[in-house]
Amino acid sequence: SDFPTRRRRTRRDAAIDDADTTGKDRRTSHDMAPAAQTPEQMSPEQRDAAFAMAGQEMEYRVELFNKMVASCYEKCIDKKFKDGDLNVGENSCVDRCSAKYWESVTIVGQMLGAAGQAPQ
């Protein structure tokens, strides 16, 4: 058809919109870090540390994603595999499950970050 398709609005979309309207600064710790040096400007030790940190971050993200997939699969997918595609109920369950999973990961991360920044 000539009409653009519209993506269904999810709870995650609403949460993002709510966060945008709260007036809070949504910059990440990466955004607030001092200006990054290019690899050419770094010493070999700094470069190795930066690559190690990036590798750890990637492993963490992959682990989170794999845990989410396993959790939502167990909750949402019929184990009989009647169809080759997800049915409507499974699709909406996976959508809700993944949105809630990332929302909870974000909340826990914010709480841990606030606890780490609290004066001791």
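The values are calculated or read from the model by the stated rules, or taken from the named source; none is laboratory data. Because the structure is a prediction, the values reported are computed rather than measured. Note that each Cβ is placed from the backbone with ideal geometry, even for glycine, and that neighbours are counted across all protein chains shown. Ligands, DNA and RNA are excluded from the accessible area calculation, which covers all protein heavy atoms including side chains. Shrake-Rupley method; radii C 1.70, N 1.55, O 1.52, S 1.80 Å.
Once the Cβ-Cβ distance of Tyr73 and Ala52 is raised to the sixth power relative to R0 = 41 Å, the FRET efficiency obtained is 0.85.
Here the 3J(HN,Hα) profile of segment 100-117, calculated from phi with Karplus coefficients 6.51, -1.76 and 1.60 at θ = phi - 60°, is 5, 4, 5, 5, 5, 4, 5, 5, 4, x, 5, 5, 5, x, 5, 5, x, 8 Hz, Gly and Pro shown as x. Fully extending the segment from Ser92 to Ala36, taken as 0.36 nm per residue of separation minus the present Cα-Cα distance, adds 16.1 nm.
Accessible surface of Ser92, taken over heavy atoms with a 1.4 Å probe and every protein chain present, rounds to 30 Å².
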